[in-house]
Amino acid sequence: MLILDMLYPRMSNPDAPFSVSRRIALGLLAASGAGIALWPRTPRIDASVPPGRVVLRYWEKWTGPEGEAIQSVVDAFNASQERIWVQRLPVSDIGAKSMVAIGGGDPPDIVGLYSYHIPLFAEARAAVSMDEFTPRPTARVDPESYAPAVRALLSHNGKQWAGVNTCYALALYYNREMFRGAGLDPDRPPRTTAELDGAAERLLVRDEGDKIATAGFLPNLPTWWPYFWPIMFGGRLYDAATKRALLNDAASIAAYSWVQGYPQRLGAGASAEFGNSYGRNFHSPDDPFISGKVAMIVQGPWIANFINLHGSKDADGRPTLDYAAVPVPVDESIYDPERPMGMLEADVLMIPRGCPHPEEAFEFLAYTQRRDVQERLAYLHCKSSPMRESSPGFIENHPNRSVRVHDLIVKSPRAVVLPQTRAWQQFADLTSGAFDAIWHGADVTRTLAGVQARAQDLIDQTERLKERRGIGGTLGVGDEEWGVMARGQGHA
């Protein structure tokens, strides 16, 4: 998967769809762990499809409640007009499979990816930008309708390449009942990292064997965003203007030194064991926050959906967990309640270049960008809206009681988006190893310096390849460059 995301087929014409040789395509599938047996199979056209409809293949990563939510959007679109019929197909490892399908000349009409895929697909010309379509009454995407940070997230090199599916910002969720039990004011949650540390200490419970029975807070629960912590100290991960990674600056060193304080105080082994014991339990009844085993956790807005699904209920079927959320606490020097810091990510919709029905795909994508449709999906996912303005009642009637916090972060001028570089996934992977090493006592400054050097090398490789191709940011990697990039990764 990591090597795959750096690979593109050679393109003699930057305006034409690219192709991948059978050998390369099969190799990429094997490298990603996909395998031919697991290749997404397009379902047969259902007999209930009205005759005469143009059928769109829509690949989407969501399953379960999230898949049901997007299916309701698909159903509403199918019922809203009489020309197009969208068929959704759940697909795992969607970035890898989509790239291979596009390169192999058999792409779906629309694909649900992550925002970090945008630079990859844009520079490989694996997707069609929104400005390549002519707006019309039934198909229009207005960039000004998004919150500014969301608009930035959907864009690359001055063009909008995707529509938003849902967006999310991380927040600190806390258990109000556990706060009261520890003598803390549930209406005065932590605002700074120092206050977070103090509350975590008050909420910590150990068993008779001195093991952690209940944690107040642990940065390794979950370990899904090991690159997030510098934001809490005013740091940035990447400077787009200079194409430089920034992981060894003062803010990052302060952030990971703060992270390391938890295993130092609680014991590296004990805290790692406690965190690892919940690795497969997130979003289930045994989720550490839902089950009351951790009092505070950094999570996305979707956690409210799983509280509603899996949390204990009262006699009327209402969740009994008394929770709330606030912006993730930050270093006191950058605290500003009106302009919270936060990291913004998104699920996105992209139209693959070379798909069978691009104009119809654009019509479906444009439908999903309507404010009412966005708010419906956000409501079902318990997320905030990505739009600049919300409809009256959207916040007040939302199933996530803390959605206002997420909305404030999304609209904040200090919202931080992920580095918009094709090397980001490899960069992020490096931070995962660094986080684990630092947790177990590695020197913070030396560890980050090593990650900085390796991340910069990845970024520089992608920039050098662009220069070699000489086509203004559009990149295709040929067979000989595949080996170079694979060796440069240092891992498969």
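Give segment 176-196 a look and list any residue that's touching a residue at least 12 places away in the same chain (Cβ under 8 Å) and either surrounded by fewer than 18 Cβ atoms within 10 Å (Cβ to Cβ) or assigned to a loop (DSSP other than H, G, I, E, B) (or both), or say none. Outline the logic, then answer.
First, the residues of segment 176-196 that are touching a residue at least 12 places away in the same chain (Cβ under 8 Å): 176-179, 182-184, 186, 189-196.
Matches in segment 176-196: Arg176, Glu177, Ala182, Gly183, Leu184, Pro186, Pro189, Pro190, Arg191, Thr192, Ala194, Glu195.
Which number in (1) modelled with pLDDT under 90; (2) on the phi < 0 side of the Ramachandran plot marks the one condition that Val410 misses?
Every condition holds for Val410 apart from (1).
Identify the residue in segment 247-282 that is under 20 Å from the mean Cα position of the chain (by Cα) and surrounded by fewer than 20 Cβ atoms within 10 Å (Cβ to Cβ) and, among all such residues, is modelled with the highest pLDDT.
Here is the first cut: in segment 247-282, the ones under 20 Å from the mean Cα position of the chain (by Cα) are 247, 279-282.
Restricting the remaining residues to those that are surrounded by fewer than 20 Cβ atoms within 10 Å (Cβ to Cβ) gives 279-282.
On the way: Gly279: 80, Arg280: 81, Asn281: 84, Phe282: 88.
Filtering segment 247-282 for residues that are under 20 Å from the mean Cα position of the chain (by Cα) and surrounded by fewer than 20 Cβ atoms within 10 Å (Cβ to Cβ), the one modelled with the highest pLDDT comes out as Phe282.
Can you go through Tyr227, Tyr256 and tell me which one is assigned to a loop (DSSP other than H, G, I, E, B) and more than 26 Å from Gly64 (Cα to Cα)?
Details: Tyr256 fails: assigned to a loop (DSSP other than H, G, I, E, B).
Sole residue among the options that is assigned to a loop (DSSP other than H, G, I, E, B) and more than 26 Å from Gly64 (Cα to Cα): Tyr227.
Going by the structure shown, is Pro108 under 17 Å from Trp161 (Cβ atoms) and over 26 Å from the mean Cα position of the chain (by Cα)?
Details: under 17 Å from Trp161 (Cβ atoms): yes; over 26 Å from the mean Cα position of the chain (by Cα): no.
When the stated conditions are applied, Pro108 does not pass them.
What tally of residues in segment 340-364 results from selecting those that are out of contact with any helix residue (DSSP H, G or I) (no Cβ under 8 Å at 6 or more places or on another chain) and assigned to a loop (DSSP other than H, G, I, E, B)?
2
Is it the case that Asp372 is under 18 Å from Tyr168 (Cα atoms) and touching a Ser or Thr at 6+ places or on another chain (Cβ under 6 Å)? Steps first, answer last, please.
Values: under 18 Å from Tyr168 (Cα atoms): yes; touching a Ser or Thr at 6+ places or on another chain (Cβ under 6 Å): no.
Judged against the criteria, Asp372 is not a match.
Among the numbered conditions (1) closer than 19 Å to Ser271 by Cβ; (2) in contact (Cβ under 8 Å) with a residue 40 or more places away in the chain; (3) surrounded by fewer than 19 Cβ atoms within 10 Å (Cβ to Cβ), tell me where Pro226 comes up short.
(3)
Counting just the residues of segment 148-169 that are modelled with pLDDT under 95 and assigned to a loop (DSSP other than H, G, I, E, B), which one comes out surrounded by the most Cβ atoms within 10 Å (Cβ to Cβ)?
Here the answer is Asn157.
May I ask you to verify whether Ala199 is in contact with a helix residue (DSSP H, G or I) (Cβ under 7 Å, 6 or more places away or on another chain), at negative phi and in contact (Cβ under 8 Å) with a residue 60 or more places away in the chain?
Values: in contact with a helix residue (DSSP H, G or I) (Cβ under 7 Å, 6 or more places away or on another chain): no; at negative phi: yes; in contact (Cβ under 8 Å) with a residue 60 or more places away in the chain: yes.
No: the conditions fail for Ala199.
Need the failing condition index for Pro107 against (1) surrounded by fewer than 23 Cβ atoms within 10 Å (Cβ to Cβ); (2) over 17 Å from Asp347 (Cβ atoms); (3) not small (Gly, Ala, Ser), just the number.
So the condition that Pro107 fails would be (1).
Would you confirm whether any residue within segment 381-391 is outside any loop (DSSP other than H, G, I, E, B), modelled with pLDDT under 95 and under 20 Å from the mean Cα position of the chain (by Cα)? Reasoning before the result, please.
Restricting attention to segment 381-391, the residues satisfying the condition of being outside any loop (DSSP other than H, G, I, E, B) are 381, 387.
Filter once more, so that each one left must be modelled with pLDDT under 95: 381.
Those left that are additionally under 20 Å from the mean Cα position of the chain (by Cα): 381.
Within segment 381-391 (the criterion being outside any loop (DSSP other than H, G, I, E, B), modelled with pLDDT under 95 and under 20 Å from the mean Cα position of the chain (by Cα)), the answer is yes, since at least one residue qualifies.
What number of residues within segment 303-325 satisfy the criterion of being surrounded by fewer than 18 Cβ atoms within 10 Å (Cβ to Cβ) and at pLDDT 95 or above?
2
Within segment 198-231, track down each residue that is more than 21 Å from Gln299 (Cβ to Cβ) and among the aromatic types (Phe, Trp, Tyr).
Hits for segment 198-231: nothing passes.
Any idea how many residues of segment 70-93 are farther than 12 Å from Tyr367 by Cβ and buried (at least 20 other Cβ atoms within 10 Å of the Cβ)?
Summing the residues that are farther than 12 Å from Tyr367 by Cβ and buried (at least 20 other Cβ atoms within 10 Å of the Cβ) in segment 70-93 gives 4.
Name every residue in segment 325-339 that is under 14 Å from Ile297 (Cβ atoms) and part of a strand (DSSP E or B), in order of residue number.
Ala325, Val326
Let me confirm something: among Arg280, Arg339, which residue is basic (Lys, Arg), touching a residue at least 12 places away in the same chain (Cβ under 8 Å) and farther than 25 Å from Gly181 by Cβ? It would help to see each step written out before you state the result.
Details: Arg280 fails: touching a residue at least 12 places away in the same chain (Cβ under 8 Å).
Answer to the selection: Arg339.
Matching residues to (1) crowded, with 18+ Cβ neighbours inside 10 Å; (2) at pLDDT 80 or above:
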{"site": "Ala428", "(1), (2)": "yes, yes"}
{"site": "Ser432", "(1), (2)": "no, yes"}
{"site": "Ile438", "(1), (2)": "yes, yes"}
{"site": "Thr447", "(1), (2)": "yes, yes"}
{"site": "Arg454", "(1), (2)": "yes, yes"}
{"site": "Arg464", "(1), (2)": "no, yes"}
{"site": "Trp482", "(1), (2)": "yes, no"}
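Could you check, for segment 229-238, whether at least one of its residues is of a type in the set (A, V, I, L, M, F, W, C) and surrounded by fewer than 20 Cβ atoms within 10 Å (Cβ to Cβ)?
The first filter runs over segment 229-238 and keeps only residues of a type in the set (A, V, I, L, M, F, W, C), leaving 229, 231-233, 237.
Adding the requirement that they be surrounded by fewer than 20 Cβ atoms within 10 Å (Cβ to Cβ) leaves none.
No; the residues of segment 229-238 include none that is of a type in the set (A, V, I, L, M, F, W, C) and surrounded by fewer than 20 Cβ atoms within 10 Å (Cβ to Cβ).
Please work out which residue is farthest from Tyr323 (Cα to Cα), limiting yourself to segment 388-408 and to residues that are touching a helix residue (DSSP H, G or I) at 6+ places or on another chain (Cβ under 9 Å) and buried (at least 23 other Cβ atoms within 10 Å of the Cβ).
Checked segment 388-408; the qualifying residue farthest from Tyr323 (Cα to Cα) is His398.
The values are calculated or read from the model by the stated rules, or taken from the named source; none is laboratory data. Source: prediction; values computed, not measured. In this analysis, Cβ positions are derived from the backbone assuming ideal geometry, glycine residues included, and neighbour counts consider all displayed protein chains.
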